[in-house]
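The values are calculated or read from the model by the stated rules, or taken from the named source; none is laboratory data. Because the structure is a prediction, the values reported are computed rather than measured. Ideal geometry is used to build each Cβ from the backbone, glycine not excepted, and the neighbour counts take in all protein chains shown. Protein only, heavy atoms only, side chains kept; ligands, DNA and RNA dropped before computing areas. Shrake-Rupley method; radii C 1.70, N 1.55, O 1.52, S 1.80 Å.
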Amino acid sequence: MTITAHDSRTYGYDDLPGLMSLMTGDEKHGPAATSTLDVLWVLYDRVLRVAPEGRADPARDRFLLSKGHGPMAYYAVLAAKGFVPAGWLPGFGAYDSPLGHHPDRVLVPGAEIGSGSLGHGLPIAVGSALGLRAQGLHDPAVWVLIGDAELDEGSNHEAIAFAGPAGLERLHTIVVDNSSASHARPGGIAARFEAAGWSAVTVDGRDHEALYAAFTAPHPGRPHVVVARVEPKNA
């Protein structure tokens, strides 16, 4: 079905390619823009407790896109779920568009952080989880999506090392692994988190049922990471 920028209907997963096709701006990071699509859909469709009308609700779940340097899939999912109008998508990347090459939390409804500079999202998520705990808000979950190449950044390893012993049970990290990291992780990515006391699972990043099962797996007293493997960046 053809999708236009003026559609007002609701959208499903099969509509996402059409929504992404509306964004004709010069995307500099194509693999980053598509590697996250299935993870984002399963989160927003089946897991996250957040809605357009409640995006300021203190009890909402928080989703932080750290892998912000290829946000087309993110914008498409936000449009599909009613956070932003589909009519914004054709302006992607234009100087006067709210949908920039890096998401801006001031301009994009539903975006919790401005992102794209690698290595920031996970430390911010740790701080968010700590802040919610300090406020006595124990129900909201904090989710952060990072890329495997972000594990080249030392700031992430400080966050990983802190979160496990701190018992940040409401913290969830998704590592979209498209084999773009410069440095290999001994034992694999999940092992790095497990060594710091995290619950960890590795799944096919295109398998919706496997993703949902991994996202909803119990992990009492520990933060949780899901490593979502997708096709290699340069395949």
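To put it simply, the accessible area of the chain at a 1.4 Å probe is 52 percent carbon and sulfur. For the chain, set up a GNM with springs between Cα atoms under 10 Å and report which of 179, 115, 97 has the largest fluctuation. The residue with the greatest mean-square fluctuation here is 97. Look at the alpha carbon pairs under 8 Å that are at least 6 residues apart: their mean separation over the length of the chain gives a relative contact order of 19 percent. When peptides 144-156, 194-206 are ranked by their average number of other Cβ atoms within 10 Å per residue, the highest-first order is 144-156, 194-206. Here each label is just a point 7 Å from Cα along the line to Cβ, and for residue 182 and residue 162 those points are 2.4 nm apart. Along each principal axis, taking the top coordinate minus the bottom one, the Cα set of the chain gives 49, 43, 33 Å in descending order. With the simple model of a label 7 Å out from the Cα in the direction of the Cβ, residue 209 to residue 191 spans 3.0 nm.
Here the extension length gained between residue 96 and residue 234 equals 46.5 nm, from 0.36 nm per residue of separation less the Cα-Cα distance.
Using a simple spin-label model with pseudo-atoms 7 Å out from Cα toward Cβ, residue 51 and residue 13 lie 2.2 nm apart. Take residue 101: with every protein chain present and a 1.4 Å probe, its accessible area is about 70 Å².
What percent do you get for the relative contact order of region 151-213 when only Cα pairs under 8 Å and 6+ apart count?
Answer for region 151-213 is 32 percent.
Looking at region 86-206, the accessible area is 42 square angstrom per residue; that uses a 1.4 Å probe and ignores ligands, DNA and RNA.
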